[in-house]
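The structure under discussion appears below in the form of structure tokens.
The values are calculated or read from the model by the stated rules, or taken from the named source; none is laboratory data. The model shown is predicted, which means the values in this text are computed figures rather than measured ones. As a convention, Cβ positions derive from the backbone with ideal geometry for all residues, glycine included, and neighbour counts pool all protein chains shown.
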Amino acid sequence: MDPRVRIERPPMDMRHWETDLSKFGAFRANFPIVADKVHMAVRNRIFPEPYLGWMPGVFRTALRLHRERRIDLVLATGNPFVSFAAARTLGRLFRVPYVVDYRDAWTINQFTEELSVPEGGRAMKWEAKVLRDAAEIVFVNDGMRRWHAERYPYAADRMQVVPNGWEPELLGTPEYAVADPDRPLRFAYLGTVTSYLPLDVLFDGWRRARQHPLLAGAELNIHGHLGFFPASVPPLLGRIEEEREAGVRYRGAFAKAEAAAVYAQTDALVFCVPGAKYVTSGKVFEYMASGKPVVSVHEPEIAAAEVLDGYPLWFAGSRLDADSVAHSFVEAAKAARDLDRGTFEAALRHAQTYTRDATLSPWEARLRRLAEGSR
């Protein structure tokens, strides 16, 4: 890490997650349901998020740092979105600009495209205040930017897109190689598997594609976590196991540092994400950085399609159904078998436009101008 970066870890009130009964007060220990309802009611009147207990520590830490050396700019990333409220408060207190960065959506469910909070509720009011006063508002993709620009038109001229990217330091530069002609092809999905993914379409398309001679004996290896909580594992693992005879295998989770090795042993990749136009997924950038064929299994209009557009080894149908997916698998198999150096290098050039340096450098320049302007 750059020695100029200083990490502070403000203390946080962990009451919401506390399970040790010996740490409960008398009222909570004897009337836990009532106590929790009272606590939530008070919390929600201030800010409707369980991470509110982080704010006092953030304020104390920021005030101490500001006394040591003036803070020129406040940058907050969500989620949690209490960080946006903290940024607004600190910006007003220190009389400096603040910037908010939406890596996730606050008031809209990115998967269902429906509001995730009550219309006109406290979260909506907070979001309106935060965006009204922010010096800049950045989003992970243009779909999210457009949605917020329509809802908050008074802040639209300060909204920008800063996409995710990939780290050459972790993935390195892959070597040009053609799939071994003496073994079946290996396809792989890397990422968290959730119930939101179109798994039925994926597996149906895979079974159909596997009937093609190019995919005879091919494997579909799934690498990553199953859901976000332990209860998600059994049903998802069971669904994957149903496809064992079709060559589908669950290979477990992997560490970030192991990603390059997983990509190296794979011939083509499967990009399977929920069908919402506000979804990009960080994995799409790594997929392109591998220089491998990519099979899309998602609705055509999602935000990730904007990133993949121009990648010469991208295979996607005009609709999300088993026949389109099967066709994409076959085309990707052909590309894996016939990959030439020129196409491989063109794929890597496209990926280079999404390195962290490429996506963050213009934003860093804008942030520096904001900081210098506040002095």
| remark: When (1) part of a strand (DSSP E or B); (2) in the same structural domain as VAL138 (by TED's automatic domain parsing) are applied to ARG368, the one that fails is (1)
| Do you know which of the residues in the range 154-175 that are small (Gly, Ala, Ser) and over 19 Å from the mean Cα position of the chain (by Cα) is nearest to ALA336 (Cα to Cα)? | GLY172
| Quick one: in the range 190-212, which of the residues that are in contact with a helix residue (DSSP H, G or I) (Cβ under 8 Å, 6 or more places away or on another chain) and outside any helix (DSSP H, G or I) is nearest to GLN265 (Cα to Cα)? | LEU190
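Please state which one of GLU49, GLU119, GLU113 is surrounded by 21 or more Cβ atoms within 10 Å (Cβ to Cβ), within 30 Å of ALA276 (Cα to Cα) and either within 27 Å of the chain's Cα centre (by Cα) or of a type in the set (Gly, Ala, Ser) (or both).
Just one listed residue meets the conditions, GLU49.
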| task | Could you tell me whether any residue of the range 81-89 is loosely packed, with under 14 Cβ neighbours inside 10 Å and at pLDDT below 95? | result | no
| said: Condition first: over 25 Å from the mean Cα position of the chain (by Cα) and either under 15 Å from LEU215 (Cα atoms) or of a type in the set (A, V, I, L, M) (or both). Now tell me which residues in the range 233-247 satisfy that. | reply: GLU245, ALA246, GLY247
| note | Of all strands (runs of 3 or more DSSP E) fully inside the range 229-299, the set with 1 or more residues that are in contact with a Lys or Arg (Cβ under 6 Å, 6 or more places away or on another chain) is 268-272
| task | Please work out which residue is nearest to the chain's Cα centre (by Cα), limiting yourself to the range 176-232 and to residues that are of a type in the set (A, V, I, L, M) and surrounded by fewer than 18 Cβ atoms within 10 Å (Cβ to Cβ). | result | ALA231
| In this structure, is ARG151 loosely packed, with under 15 Cβ neighbours inside 10 Å, over 19 Å from the mean Cα position of the chain (by Cα), on the phi < 0 side of the Ramachandran plot and modelled with pLDDT of 95 or more? | no
| query | So which of ARG186, ARG210, ARG158 ends up being among the basic types (Lys, Arg) and in the same structural domain as ARG132 (by TED's automatic domain parsing)? | reply | ARG158
| query | Based on what the data block shows, is ILE46 under 29 Å from TRP106 (Cβ atoms), out of contact with any Ser or Thr (no Cβ under 6 Å at 6 or more places or on another chain), in the same structural domain as ALA85 (by TED's automatic domain parsing) and not polar (S, T, N, Q)? | reply | yes
| said: Cβ contacts < 7 Å: first residue assigned by TED's automatic domain parsing to the domain that holds ALA326, restricted to the range 246-257; second residue part of a strand (DSSP E or B) and among the acidic types (Asp, Glu), any location; separation 6+ or different chain. Result? | reply: GLY247/GLU219; ARG249/GLU219
